[in-house]
1. Out of the residues in segment B:44-62 meeting the condition of being facing chain A (nearest Cβ under 10 Å) and in a helix (DSSP H, G or I), tell me which one is surrounded by the most Cβ atoms within 10 Å (Cβ to Cβ).
2. Given (1) at pLDDT 95 or above; (2) in contact with a Phe, Trp or Tyr (Cβ under 8 Å, 6 or more places away or on another chain), identify the lone condition not met by A:Ser88.
3. In segment B:85-113, which residue that is without any contact (Cβ under 8 Å) to a residue 40 or more places away in the chain and in a strand (DSSP E or B) is farthest from the chain's Cα centre (by Cα)?
4. Can you name the number of the only condition in (1) within 12 Å of chain A (Cβ to nearest Cβ); (2) surrounded by 18 or more Cβ atoms within 10 Å (Cβ to Cβ) that B:Arg79 fails?
5. Quick test of your reading of the structure: A:Asp48 fulfils all but one of (1) within 14 Å of chain B (Cβ to nearest Cβ); (2) under 21 Å from A:Ala137 (Cα atoms). Name the failing condition by number.
6. Which count do you get for residues in segment A:102-122 that are within 19 Å of A:Met31 (Cβ to Cβ), within 13 Å of chain B (Cβ to nearest Cβ) and part of a loop (DSSP other than H, G, I, E, B)?
7. From the list B:Ala37, B:Ala3, exactly one residue is part of a helix (DSSP H, G or I) and either polar (S, T, N, Q) or at pLDDT 95 or above (or both). Which is it?
8. Being surrounded by fewer than 17 Cβ atoms within 10 Å (Cβ to Cβ), part of a loop (DSSP other than H, G, I, E, B) and within 14 Å of chain B (Cβ to nearest Cβ) is the filter here, so list the residues in segment A:51-101 that pass it.
Amino acid sequence: MKNFLAGLAIVVLLMVFPLQSALEISNERRMQVFSDIVYTAVQTSRFDGYFKQTTIDKLKNDLISQFPDLSDGDIYCNVTTTKKYRTSVFDERESINYDIRIPIRKIVAAPAFWGISDSDNKATAKRAGFVLSEVLAT
Amino acid sequence: MKAALFGVAVFFFSLFVWLFCHDYNLNHMYYMQLRTAVEEASVAASMFTEQTEEKEGRIVFNQVEGHEAIKAMLETMLRTDDSLNPSQESYWQDKITYNAYFYDDSNTIYPLSFTDSDTGFTFEVKRPTVIVTVNAGKARYTIKGVIDDTINIRSAAHEIVGY
């Protein structure tokens, strides 16, 4: 009986690891899908010279359709919305900037086990950078 | 008592295995971001061409501006300072180094077989092309001495098509 109880306690302790691994795989997939959606929007903006409203809307719709837990208000989207042009010299003022973030709701599978509160058990996935416009100045 | 000791040993063993997997997966994720950064750097570098040569129907890269664009891209995407030293919030720890190869109408007879000496990346240059190789250094591993000596290095090429 004693051994059985000790074994049971060990199993409960060890359950933390597969649960955590499963959560991390799930979060990693979320990050990868998020990156792919942002990448597509960024490449579209490169050809348009800026983030058109249709590109922003498509980006948000794609994110919401991929991640049902997201709402429009959860998506942080700070992007260049004025037209930029291709230049003959590198000029940061003519770059198309983007900073897009979505929340990751849970990063630790058993937060109570490690003494982590629910408010601390979250993170933000962020993709930020710039691309250069392909649009020629006429 | 024996069972409890065995349990504690198994717990720590599991902790080590999980830590390794966690660090490995994290490194994989940032390695994929490095891939995107290198691709974007090669695209950015290929955007700058000599206007006078272009009027003659030749594509010749402006290498000075190309290097400016590569550095700016790496600074932003890998979160470094202007000397390419990673900032506090960057995943990377070592100074970022890169090599850029510009093949254009001024210095290349097409086709040219390119092999990167650092990565073994091979590419047949058929058109004006910029190839960038970035070495982001070692990954962050909590358990030292297993595979943490492996460096993260990546190459990407961008060619100008249809001119």
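The values are calculated or read from the model by the stated rules, or taken from the named source; none is laboratory data. Keep in mind that what you see is a predicted model, and the values were worked out from it rather than measured. Backbone-built Cβ (ideal geometry, glycine too); neighbour counts: all protein chains shown.
1. By that ranking, first place goes to B:Ala45.
2. Going through (1) at pLDDT 95 or above; (2) in contact with a Phe, Trp or Tyr (Cβ under 8 Å, 6 or more places away or on another chain) one by one, A:Ser88 breaks only (1).
3. Within segment B:85-113, the first condition is being without any contact (Cβ under 8 Å) to a residue 40 or more places away in the chain, and the residues that meet it are B:85-90, B:97, B:99, B:101, B:103, B:107-113.
Restricting the remaining residues to those that are in a strand (DSSP E or B) gives B:86, B:97, B:99, B:101, B:103, B:112-113.
Details: B:Pro86: 14, B:Thr97: 9, B:Asn99: 10, B:Tyr101: 14, B:Tyr103: 19, B:Leu112: 23, B:Ser113: 21 Å.
Per the stated criteria, the residue is B:Leu112.
4. Here B:Arg79 clears every test but (2).
5. Every condition holds for A:Asp48 apart from (1).
6. Residues of segment A:102-122 within 19 Å of A:Met31 (Cβ to Cβ): A:102-109, A:121-122.
Right, trim to within 13 Å of chain B (Cβ to nearest Cβ) and you get A:104, A:107-109.
After this cut, where a residue has to be part of a loop (DSSP other than H, G, I, E, B) as well, the list is A:107-109.
Number of matching residues: 3.
7. Going through B:Ala37, B:Ala3 in turn, the sole match is B:Ala37.
8. Selection gives A:Tyr85, A:Ser88, A:Val89, A:Asp91.
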